[in-house]
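The structure under discussion appears below in the form of structure tokens.
Every read-out reported here was derived from the displayed coordinates using simple, explicitly stated rules and does not represent laboratory data. What you see is a predicted model, and the numbers here were worked out from it, not measured in a lab. Every residue, glycine as well, gets a Cβ built from its backbone with ideal geometry; the counts of neighbours run over all protein chains shown.
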Amino acid sequence: MAILPCPAPVPVRLNLDRRFRPCEPRDGDEIYPNGIFEFNISRLLVHMGASGRFLVEFVTLDDIQYGGKNERLNELAVIAADLTRPVILAEIALGRYNLIDGHHRVAKARRERVTCIPAYRIHCPEHVAFLTSKRAYEAYVQYWNSKVDDFSADNSLHQQTQGNRAARVVRSDLKRSVRRD
């Protein structure tokens, strides 16, 4: 019996919630700015700790796009960084994760030639609630859905191509079978 490949899971589009309330920063909250997408890291960490659903995994530094260099990094913070504390990687495109917390730790790990570090992967839409403005939320929903649409279009084209290829194989097999008879 032939084993058929499992189809790739279809990512879910986000529905724009007009009642979305931004995770506005409080005094002392750590914020990660990534263009318009600004995340409240302090409140995200509290949520992660309270939920108990997030597992630490070890990721290679090659899997983290951040190169560990930034003129805004505090050199003393890099030196003092605790490499046993997990960094946070947020899914910002389908299957693509960006570092949103732990830049000093990654910089230190790269300098010390550490190959793997502990990390949390936060899948979309889990981190969306921690965007700090309604404008960022609306832009993120539009951005994410464009990635889902691109994925769906690419996947549909791939399935169509595979279907055509399979049909050619079946026709070819039928022709050979008819010739033999």
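Could you list which residues have their amide H under 5 Å from that of Ile31, counting only those 5 or more apart in sequence or on another chain, with H placed in the peptide plane?
Those lying under 5 Å, H to H, from Ile31 are Ile41.
Treating cross-link reach as a plain straight distance, find the aspartates and glutamates whose alpha-carbon is under 18 Å from the alpha-carbon of Lys147, omitting any fewer than eight places away in the same chain.
Correct list for Lys147: Glu91, Glu126, Glu138.
Test of understanding: what is the full-extension gain from Asp149 to Ala50, defined as 0.36 nm times their sequence separation minus their Cα-Cα distance?
Additional length available on full extension: 32.3 nm.
Among 69-77, 138-146, how do they line up from the highest to the lowest mean number of other beta-carbon atoms within 10 Å? Don't skip to the answer; put the middle values down first.
Numbers: 69-77: 9.8, 138-146: 16.2.
Descending mean neighbour count gives 138-146, 69-77.
Once the piece of chain linking Arg18 and Asp62 is laid out straight, how much longer is it, given 0.36 nm per residue of separation minus the C-alpha distance between them?
On the way: separation 44, 0.36 × 44 = 15.84 nm, distance 3.83 nm.
In short, 12.0 nm is gained.
For Asn34, put the label point 7 Å out on the Cα→Cβ axis and report which residues of the range 40-63 keep their amide N under 15 Å from it.
40-42, 44-45, 63, by backbone N distance to the label point.
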